[in-house]
1. At least 2 residues that are in contact with a helix residue (DSSP H, G or I) (Cβ under 8 Å, 6 or more places away or on another chain) and within 28 Å of residue 325 (Cβ to Cβ) in each: list the helices (runs of 4 or more DSSP H) lying fully within segment 409-489 that qualify.
2. May I ask you to say which residue of 176, 134 is closer than 30 Å to residue 442 by Cα and over 20 Å from the mean Cα position of the chain (by Cα)?
3. Which members of segment 379-408 meet the condition of being in a strand (DSSP E or B) and over 24 Å from residue 278 (Cα atoms)?
4. Test residue 77 against the stated conditions and say whether it is over 30 Å from residue 355 (Cα atoms), touching a residue at least 12 places away in the same chain (Cβ under 8 Å) and in contact with a strand residue (DSSP E or B) (Cβ under 8 Å, 6 or more places away or on another chain).
5. From 424, 428, grab the single residue that is surrounded by fewer than 19 Cβ atoms within 10 Å (Cβ to Cβ) and either at pLDDT below 95 or in contact with a strand residue (DSSP E or B) (Cβ under 7 Å, 6 or more places away or on another chain) (or both).
6. So residue 137 passes all but one of these: (1) over 27 Å from residue 437 (Cα atoms); (2) surrounded by fewer than 22 Cβ atoms within 10 Å (Cβ to Cβ). Which condition number does it fail?
7. Of (1) out of contact with any helix residue (DSSP H, G or I) (no Cβ under 6 Å at 6 or more places or on another chain); (2) closer than 18 Å to residue 10 by Cα, residue 194 satisfies all except one. Which?
């Protein structure tokens, strides 16, 4: 049997297929951009058909590179979490555009539930807060305002799922599954429960029959239709992107902590088998589930990271390429007092201000492209520091931080995070740990590796350390500037 693993890594701005060997080495990659739809302020949508067709095209390219479907041991899937797809289980076609995790249209619904005193009830069961970020209120909005979705619900043919559910359905021709890590992001699954809860479904007015079956993160979830790749391939791994990155970083022991800097920034600390409870606006989530047994994580979610650089490049024209930020940051001694609070789609943890808007403070006639670029990178350090304080207050103080994601390839930013945290920062040479984590899960599900620990040992590569080297008074001065700007947001 071949030991090549095909990973479908479906993200916010693009979708990819990546081919891995059993030792974790990358054998090939194909990527396609996804169209971003912004129909109104605060609304972000994707075309679910486009997600499927572009993912399939990338996958076929990698199957060909592998030498055919019979050379692939398993498929692993990882995906942007909380994004909601509605489709008809009979026709297999989407009923609306997908509502992306960044979308804020259900903010009023969340406010009303908070005012009704429901947040503590929801948090105690799901580990999550009432925020438009999560899936359930997006699902409810579709039921309330999209006629095609409402009609399918009446007919009993409606499927409401996150992106991994959509991809598995299309790959298999009908399997309707959600792994526990993704299901834990919906507001509909208790952290200690086996599946979606009738009690939570009733709170959000959710038809239970429209939801998927909750499964492990590694196992046998079905096989792809033979016509897709020329022969069936087993689907053996599934996890949300941030959980997959945590696995890919080898954070398999209690207290291990990673931060992924992609479109947003997401920090997860392994909480072991104990259901995490936060008193400081962090989230409890399922890290992974194997053989019905769950490992949990404490999470802090920042909505805007790499998307800030993208906005500076595409909307303002401040940057020609994202890679310019490092050169520009190094070209000046400091940001000249410029501070960016990147609340372009509200503030996430630990603030949770859905209506907050971005701020650029400290502008003067001396401000140029370099100061703006450097301030954008510094914002990543400040947001990470805010989360470090919240984790410490919840009893999960960091002793170091593992970083990954596209932005982490920036050496200047990695060093600045270490400086502002006052902690060592570790970065793998292969920063695409989200896909690697999905490959590890699929390898375990297919029997290529016996355990997740064995897969991590075999598949993880070398790392680089960044040690803090900033004077304490400089750190405190910069953090004071950040807090002042944050107040204005």
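1. Counting at least 2 such residues, we get 411-421, 433-445, 472-488.
2. Being closer than 30 Å to residue 442 by Cα and over 20 Å from the mean Cα position of the chain (by Cα) holds for just one of 176, 134, which is 176.
3. 404
4. yes
5. Matching residue, one of 424, 428: 424.
6. (2)
7. Of (1) out of contact with any helix residue (DSSP H, G or I) (no Cβ under 6 Å at 6 or more places or on another chain); (2) closer than 18 Å to residue 10 by Cα, only one is false for residue 194: (2).
Table: residues versus (1) surrounded by 21 or more Cβ atoms within 10 Å (Cβ to Cβ); (2) closer than 15 Å to residue 483 by Cβ.
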{"residue": "308", "(1), (2)": "yes, no"}
{"residue": "316", "(1), (2)": "no, no"}
{"residue": "327", "(1), (2)": "no, no"}
{"residue": "331", "(1), (2)": "no, no"}
{"residue": "341", "(1), (2)": "yes, yes"}
{"residue": "344", "(1), (2)": "no, no"}
{"residue": "348", "(1), (2)": "yes, no"}
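The values are calculated or read from the model by the stated rules, or taken from the named source; none is laboratory data. As the structure is a prediction and not an experimental result, all values here were calculated from the model. All Cβ positions, even for glycine, are placed from backbone atoms using ideal geometry, and neighbour counts span all protein chains on display.
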